[in-house]
Ligand code: AMP
């Protein structure tokens, strides 16, 4: 950091800001008093821990090679694996990074079938084990961040799912939050069938509220612009 100014910056900040603010609003709670995990799950995907309206941690790193696996991007990977592959394949670090960005993630895990979750859903329904594997690794990864960020914030009021997959994929939402009753997270399977609409999908008994909150990055940008020019 000292030499090159390299730092972790995260991604989808506009979406995380809008969704966390909106989530507090629809819960009827002041943002300052909330602990929210925002799961922005799209072709690019990042998860944030928003405590009192401030993002205290985010899954994506300097590049999409840190965090959960995405459409074509690997997410977390042990750098030693790169050294081994580089040696055997005679590839440079740049070539390997390119593969990790463009040919990995659920595309790689599905055996090259698709980076699009609709295709993976269809493949899984047709009994394709690689599609199921890719979806389940993705969901397992989301679940790990939910656990980690609840711990990091010392509690949790809500989880908000957003972006293409977060808004439209009931399977991903269900499996990512499965068996988390011990943390007070319980999904209502019927409500969870919702696609692309703002709705609470947790049961009334669930201590942690789980919401689908369609993102609105354009509105967030417009709000920030107004704030900037009227300051
Ligand atoms: P994004 O990058 O936010 O546009 O998200 C892209 C991902 O969202 C793709 O994997 C799509 O399969 C998924 N997605 C977008 N719209 C829908 C939809 N209406 N139904 C199911 N999946 C969708």
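Quick notes
- The residues listed here are 137, 172; of these, the one that is surrounded by fewer than 18 Cβ atoms within 10 Å (Cβ to Cβ) and modelled with pLDDT of 95 or more is 137.
- Top-ranked residue in the range 96-129 [being in contact with a helix residue (DSSP H, G or I) (Cβ under 7 Å, 6 or more places away or on another chain) and away from the ligand (no atom under 15 Å from the Cβ); ranked as farthest from residue 66 (Cα to Cα)]: 111
- When the range 1-20 is filtered for residues that are within 23 Å of residue 200 (Cβ to Cβ), touching a residue at least 60 places away in the same chain (Cβ under 8 Å) and not in a loop (DSSP other than H, G, I, E, B), the ones remaining, listed by number, are 15, 17, 18, 19, 20.
- Helices (runs of 4 or more DSSP H) fully within the range 150-231 counting 3 or more residues that are under 18 Å from the mean Cα position of the chain (by Cα): 163-168, 170-176
- Take the conditions (1) under 22 Å from residue 216 (Cβ atoms); (2) within 16 Å of the ligand (Cβ to nearest atom); (3) touching a helix residue (DSSP H, G or I) at 6+ places or on another chain (Cβ under 6 Å); residue 69 misses just one of them, which is (1).
- First in the range 68-81 and touching a residue at least 40 places away in the same chain (Cβ under 8 Å), second anywhere and loosely packed, with under 14 Cβ neighbours inside 10 Å, Cβ under 8 Å, 6 or more apart: 68/76
- Selection status of residue 52, within 30 Å of residue 153 (Cα to Cα) and either out of contact with any helix residue (DSSP H, G or I) (no Cβ under 6 Å at 6 or more places or on another chain) or in contact (Cβ under 8 Å) with a residue 24 or more places away in the chain (or both): no
- In the range 52-64, the qualifying residues are those that are surrounded by 22 or more Cβ atoms within 10 Å (Cβ to Cβ) and away from the ligand (no atom under 14 Å from the Cβ), and the one that is nearest to the chain's Cα centre (by Cα) is 59.
- Only a single item in (1) at pLDDT below 95; (2) more than 16 Å from the ligand (Cβ to nearest atom) is not met by residue 147, and it is number (1).
- Pairs, first on the phi < 0 side of the Ramachandran plot in the range 115-129, second assigned to a helix (DSSP H, G or I) and within 7 Å of the ligand (Cβ to nearest atom), C-beta under 7 Å, six or more apart: 117/165
- Selection from the range 23-51 of residues that are out of contact with any strand residue (DSSP E or B) (no Cβ under 8 Å at 6 or more places or on another chain) and more than 16 Å from the ligand (Cβ to nearest atom): 25, 28, 29, 30, 31, 32, 33
- In the range 28-37 there is at least one residue matching the filter, namely being within 22 Å of residue 167 (Cα to Cα), in a strand (DSSP E or B) and within 15 Å of the chain's Cα centre (by Cα).
The values are calculated or read from the model by the stated rules, or taken from the named source; none is laboratory data. A quick note: this is a predicted structure, and the numbers were derived from the prediction, not measured. Glycine gets a Cβ as well: all are built from the backbone with ideal geometry, and neighbour counts include every protein chain shown.
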